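Taking it in order: structure first as structure tokens, then the write-up.
Please treat every number below as a calculation from the coordinates, not as lab data. Keep in mind that this is a model prediction, so the values were computed, not measured. As a convention, Cβ positions derive from the backbone with ideal geometry for all residues, glycine included, and neighbour counts pool all protein chains shown.
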Amino acid sequence: MTTDVFLTRTGVCLPGEPVGNDDIEEVLGQVGGKPSRARRRILSSNGIVTRHYAIDRLTGVASMSNAQLTAAAVRALGPLSEIGPIDCLASGTALPDQLMPGHGVMVHGELGWPRLQVVSCAGICLAGMAALKHAWLSVRAGDSERAVATGSELASPILHARNFEVEHEHKVQLLESRPEIAFEKDFLRWMLSDGAGAALLEAEPNGPRPLRVDWIELSSAAHELPACMYAGAERSEQSAELRGWLNFPSSQWQERSVFSVKQDVRLLNDNIVRASLAEPLQALIAKRGLRAERIDWFLPHISSYFFQPAVAQALIDIGLPIPPERWFTNLASRGNTGSASPYIMLDELLRSGRVKRGQRLLMFVPESGRFSSAFVHMEAV
């Protein structure tokens, strides 16, 4: 026997003041002491105007850890004395503060809550949605009365210029004519930023604006496509296989910026809309009986406005033509916060008061890591 699950509260933490495009290198620094040649081109394409960083522009040190950032978003849900005891905490992130222990237990430690079930979900943008599904299933199965799911990213420390200085100097020593870091590394310095979001799931429709979470569908296209976004590895020039950091001598970790976050932009552009949206959503149209006229809000986690026209066309092509006036995204003002973005987007929409009882929401979250996606269907009750 299963029970309905309601998303009753959201919480967000966006560290520091908003940072505009002209100030990014003041915060993240300049590799080799020179402005990035790719910066303007990437920023004009992605459409992001401001974002948030936890890193201090004067010291280059993060003011809080990922676990602390996540705990702040959870506390924004409200005090336990008001919410009630939590039975399950599921936390997702691409960039935990350490390899071990898991991110979830570190968040639990920051919160200081009593003993409860804790799950850590790895991945990239989909990590937060995997956490949401675990929390949803826990309540739906009757295993938990209340569960909290989180998505968070602390990207700025890994994007800082100091992490690329050894590689830059190594290139200089090799007498390279243009000792710049590769585009697949520089690209994401202008795309990613910091933030955390949390959601409370309950078996009862409590609060002023509850959403019934009808279903959450996750799928992967890794059986047909190679890794597109990765860190702690390099991709072989001869094949699409990844060579993980354990297979490099430690002396090369910095020389090759092995731990930097990398993106194969060509592979991304060629496959992300088809593999993460069109094909899985077309299957869901048949499985779930989706119709455009029955979707009042479409919340796409798009990493760049560059993809917006292609997403809109894909929706038309598969028979789900949701008009632009029913879309909601805050990418321009909040930036791409990876697994936190869906939570931050939903929080802003709900707080705006624009969602009315009876309206249906469809959230779309793609991940370019190896082309996965999540779809979440909710109804305001």
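Give me the percent of DSSP beta bridges within the range 6-209 that run antiparallel, rounded to the nearest 5. Walk me through the intermediate numbers first.
Working: 18 of 29 bridges.
Taking every DSSP beta bridge within the range 6-209, about 60 percent pair in antiparallel fashion.
Excluding residues on the same chain fewer than 8 positions from residue 34, give the lysines whose Cα lies under 25 Å from its Cα.
Here the lysines satisfying the reach criterion relative to residue 34 are 171, 185, 262.
Averaging over all projection directions, find the projected area of the Cα convex hull of the range 14-134 and quote it in nm² with one decimal place.
Approximately 9.5 nm², given one-decimal rounding.
If you fit an axis through the alpha-carbon atoms of helix 279-288 and take the longest principal axis of the Cα set of the chain, what angle between them do you get, 0 to 90°, nearest 10?
The helix 279-288 is inclined about 10 degrees to the chain.
Which of the chymotrypsin sites (Phe, Trp or Tyr not before Pro) found in the range 250-344 are loop residues per DSSP with 14 or fewer other Cβ atoms within 10 Å of their Cβ?
On the way: sites: 253, 259, 297, 298, 305, 306, 307, 327, 328, 343; in loops: 259, 328.
Hits after loop and neighbour filter: 259.
What's the center-to-center distance, using Cα atoms, between the range 233-298 and the range 57-134 in Å?
24 Å
Could you state the orientation-averaged shadow area of the convex hull built on the Cα atoms of the range 6-209, in nm² to one decimal?
Numbers: hull surface 51.7 nm².
Over all viewing directions, the range 6-209 projects a mean Cα-hull area of 12.9 nm².
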